[in-house]
Every structure is written in C-alpha cells, then in structure tokens.
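First the structure, in the form of structure tokens, and then the observations on it.
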Amino acid sequence: MAATAAAVDREAAWLTELDSPIGDADHGTNLQRGFAAVVKVLGSDPPGTPGAVLTAAGRQLISSVGGASGPLYGTLLRRTGKALGDAETVTAGELLAGLRVGVDAVAQLGGASAGDKTMIDALEPAVEALATSFDAAADAARQGAEATVPLRARKGRASYLGERSVGHQDPGATSAALLFAALAEVAGPEVAE
Ligand code: ADP
Ligand code: MG
C-alpha cells in the first residue's frame, strides 16, 4: 500500500491529465487523496494480517474518494482482503485467488467487462498473468492499459463522449497498472503458486 501510494503520488499529474479529455480531470487527485488516507490509517492502527490490511485499505478508499474509482478500488481491496481471510501469511497463489475474487467484484459493481475501456481492461489480464509472475502481471496490466487507447468507452464518465472517447488511454486502467507495478516492486519477480 505504501508503494502504491508513492506510485500514485509520482504519477498523479499524468493520471489527471489522462482524465481531462475523457473525464473530469480528477483521477490523480482522487487516488492521491485516497491512498494517502490509506497509508495514514494503516500507520495509526496497523492490522495484524495481510487480509486485514487490504480490508482496512479498501474501506478507507471507499470513504475518502468521491469519484467512481473510490468504490471500485475500495471494492477490489476489500473483497480481496476478505477472500484472504485471517491467515497470518499469504502465498502468491492465495493472493492470486483473492485478487480474482476482488476483480470479479469490481466487474460486478461497475457492470464493466473487458473491452469497455475501464480499469477492468488492466485488472483482468494482470490477474491472469499473475499465475506466471508478479512482473508478468505488471506487464500485462500496462499492456492492457495501453490497449484501451483505440477503444470506445462503454462504462463510466468517458462513455458519455461516445465515439470521441476513442484515441485516449483510460485513466483507471492506467492507475490499475500502477497498482500492479507497485505490487511487483515489493513482491519481487518470483513465480506464483
Ligand atoms: P470519476 O469518473 O467519477 O471522475 P475517477 O476519475 O477517479 O472517477 O475514475 C475514472 C476511472 O474509473 C475510469 O477511467 C475507469 O477506468 C473507471 N471506471 C469508471 N466507471 C467504471 C465502471 N462502471 N466499471 C469499471 N471501471 C470504471
Ligand atoms: Mg474523473
């Protein structure tokens, strides 16, 4: 979560810039505010297990981010955390299974599927590639985000633009790639399972 907050801080201006032509220019500031609050709450009351860390982080994102991305990322972390249960340690394979539950919950909450030009376009390939390695997941997420450029948005604010949403990279898919890059950074390149 600290690595994610740092990545979001570093790239906040870019995320907001991506959210300008096809959104309302707040994605960077939304996530910056959200993950700063996450780091603060985890620091002041450190949860005892990986599952509890993600659950607390998700709850904090939901309550501190006003944009669509708050409830969506909040659901991702909360549902992944719940799936991990109260285990003291979590293997890469267990994290993969938990993230699958979390990403499915995001798809259900937002009603988006692959190709709709949303964060799902980075999250789904990342989770699939996590079976290979954390680095592969980060690469798949980045490629998924880049592949949103030619797509026409079918969910979220960008969908109001219809055909005019084509030609721009989705901000939420881009931030999802930052999340998986941060995960790879702290988890290392080892093979999952
Ligand atoms: P808002 O659109 O409310 O201003 P943000 O700018 O923080 O919220 O986040 C926008 C991002 O949220 C989009 O780029 C997209 O990836 C994601 N998003 C929006 N709606 C949905 C949805 N229904 N399902 C999945 N992701 C979505
Ligand atoms: Mg926005």
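The values are calculated or read from the model by the stated rules, or taken from the named source; none is laboratory data. Worth saying up front: this structure is predicted, and the values here are computed from it rather than measured. Don't worry about glycine lacking a Cβ; one is built from the backbone with ideal geometry, like all the others, and counts go over all protein chains shown. Surface areas here come from the heavy atoms of the whole protein model, side chains and all, with no ligands, DNA or RNA. Shrake-Rupley method; radii C 1.70, N 1.55, O 1.52, S 1.80 Å.
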Exercise. Picking from GLU94, GLU88, which residue would you name as being assigned to a loop (DSSP other than H, G, I, E, B), open to solvent by 20 Å² or more (accessible area, probe 1.4 Å) and more than 14 Å from PHE180 (Cβ to Cβ)?
Worked result: GLU88
Seminar exercise, completed: Looking across the stretch 56-73 at residues that are polar (S, T, N, Q) and crowded, with 20+ Cβ neighbours inside 10 Å, the single one that is nearest to ligand 1 (Cβ to nearest atom) is SER69
Exercise. Does the stretch 74-84 contain at least one residue that is polar (S, T, N, Q), open to solvent by 60 Å² or more (accessible area, probe 1.4 Å) and either more than 16 Å from ligand 2 (Cβ to nearest atom) or under 26 Å from LYS155 (Cα atoms) (or both)?
Worked result: no
Seminar exercise, completed: Given the conditions (1) near ligand 1 (Cβ under 8 Å from one of its atoms); (2) over 21 Å from ASP26 (Cβ atoms); (3) crowded, with 16+ Cβ neighbours inside 10 Å, every one holds for ALA173 apart from (2)
For this session: Please specify each residue of the stretch 144-158 satisfying the condition of being within 24 Å of ALA105 (Cβ to Cβ) and touching a helix residue (DSSP H, G or I) at 6+ places or on another chain (Cβ under 7 Å).
Result: GLY144, ALA145, ALA147, THR148, ALA153, LYS155, ALA158
For this session: Output the number of residues of the stretch 1-49 satisfying the condition of being among the aliphatic types (A, V, I, L, M), within 16 Å of ligand 2 (Cβ to nearest atom), in a helix (DSSP H, G or I) and open to solvent by less than 60 Å² (accessible area, probe 1.4 Å).
Result: 5
Exercise. Listed residues GLY102, GLY156, GLY144; which is open to solvent by 20 Å² or more (accessible area, probe 1.4 Å) and either within 15 Å of the chain's Cα centre (by Cα) or within 12 Å of ligand 1 (Cβ to nearest atom) (or both)?
Worked result: GLY156
Seminar exercise, completed: Per the filter on the stretch 74-88, residues within 15 Å of ligand 1 (Cβ to nearest atom) and of a type in the set (A, V, I, L, M, F, W, C) are LEU76, LEU77
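Report whether or not ALA52 is open to solvent by 20 Å² or more (accessible area, probe 1.4 Å) and within 15 Å of ligand 1 (Cβ to nearest atom).
Values: open to solvent by 20 Å² or more (accessible area, probe 1.4 Å): yes; within 15 Å of ligand 1 (Cβ to nearest atom): no.
Spelling it out, it is not the case that ALA52 is open to solvent by 20 Å² or more (accessible area, probe 1.4 Å) and within 15 Å of ligand 1 (Cβ to nearest atom).
Looking at the structure I just gave you, is GLY162 open to solvent by less than 20 Å² (accessible area, probe 1.4 Å) and at positive phi?
Considered against the rule, which asks whether it is open to solvent by less than 20 Å² (accessible area, probe 1.4 Å) and at positive phi, GLY162 comes out as yes.
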